[in-house]
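Here is the structure we will look at.
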Amino acid sequence: MVICKFSNQKCPHQVSLYKLTGLEEGIAQRAKEFWATILHSSGSLPDYVPPEIFSFESSSGFVLYGMMYKPHDLQSGKKYPTVLFIYGGPQVQLVNNRFKGVKYFRLNTLASLGYVVVVLDNRGSCHRGLAFEGAFKYKMGQIEISDQLEGLQYLASQYEFIDLDRVGIHGWSYGGFLSLMALLQKPEIFKVAVAGAPVTLWLFYDTGYTERYMGYPDNNEQAYYLGSVAMQADKFPSQPNRLLLLHGFLDENVHFAHTSILLSFLVKAGKPYDLQIYPQERHSIRVPESGEHYELHLLYYLQENLGSRMATLKAMP
């Protein structure tokens, strides 16, 4: 028996069983006989529009891959706010030809509400070989945003509907860390950052993970400083409504202390922030009510500070 699992951008995940027949010719010559299908979707998600995969050659010499969700109400001559959904860390690849309708349905929801949503695998993500994944060895946080920004600029050169004056970024865990880095390094580009469960000080994170990529702190002090947003809190914007932090208070992976110490440095530097704590949640939000609250709060924050309301204010004399 052979179990076959497959999907693509337009086809939901399916699992089929096949029975192999024939004994004398060997396994390579055996005929494959369809037996049964399980977990087969009988329909599609309502209002789901799959993303488009794109690629470009970056200044680093690597070809980078991304995917873009276009606004569902796309109109000629109109510009739309853009949200970068980011992870960007090792051992993860977001862009591939697999069905994204369930796990990343919020991205489709944002597109249905008039956002361009962009996902890009920068250097350091997996399944691209050692040179690609090892590009941020000893420099986590120093190269990822430049790749993301190149991807955004490439799309803006190809599609006139992307509004570079209204760009936000959102991610969780390593993606939360990079969301903070984006606002810290390129505040003139990223108007809003929503950072979930972010690593803010690498000295506080799991040593087995951190030292694998960053080496020992005593041997790489500068990289630990440049990769720790808490130590550079004075570089965050001074305007309100540009930074939203989300964190589960019981986070067993990226401990809440990461957010706590960042807040201390932000206060010391006189920088504004917005904070949403989930008291009973761990690193991943699991309680349905918490998940609904998170989704609505994310959408509200984007709408208030990046979306249609901001477009109206921008157009006012």
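The values are calculated or read from the model by the stated rules, or taken from the named source; none is laboratory data. Fair warning: this is a prediction, and the values are worked out from it, not measured in the lab. For neighbour counting, all protein chains shown are included, and Cβ atoms are generated from backbone atoms with ideal geometry for every residue, glycine included.
Evaluate the following for residue 77: is it closer than 25 Å to residue 242 by Cβ and either in a loop (DSSP other than H, G, I, E, B) or touching a strand residue (DSSP E or B) at 6+ places or on another chain (Cβ under 6 Å) (or both)? So residue 77 fails the test. Against the test of being surrounded by 21 or more Cβ atoms within 10 Å (Cβ to Cβ), among the aromatic types (Phe, Trp, Tyr) and modelled with pLDDT of 95 or more, the options 87, 65 yield a single qualifying residue, 87.
Close contacts from the stretch 268-290, counting a first residue that is assigned to a helix (DSSP H, G or I) and a second that is hydrophobic (A, V, I, L, M, F, W, C), with Cβ to Cβ under 7 Å and a gap of 6+ residues or different chains, come to 269/233.
Of the residues making up the stretch 105-117, none is in the same structural domain as residue 294 (by the TED database), farther than 15 Å from residue 68 by Cα and of a type in the set (S, T, N, Q). In the stretch 147-246, counting only helices (runs of 4 or more DSSP H) that sit wholly within it, the ones holding 1 or more residues that are surrounded by fewer than 19 Cβ atoms within 10 Å (Cβ to Cβ), without any contact (Cβ under 8 Å) to a residue 40 or more places away in the chain and over 19 Å from the mean Cα position of the chain (by Cα) span 207-214, 221-226. Screening the candidates 111, 135 for the property of being in a helix (DSSP H, G or I), touching a strand residue (DSSP E or B) at 6+ places or on another chain (Cβ under 7 Å) and either touching a residue at least 24 places away in the same chain (Cβ under 8 Å) or within 27 Å of residue 219 (Cβ to Cβ) (or both) yields one hit, 111. Just so you know, in the stretch 95-117 the residues that are at pLDDT 85 or above and within 15 Å of residue 172 (Cα to Cα) include one that is surrounded by the fewest Cβ atoms within 10 Å (Cβ to Cβ), and it is 106.
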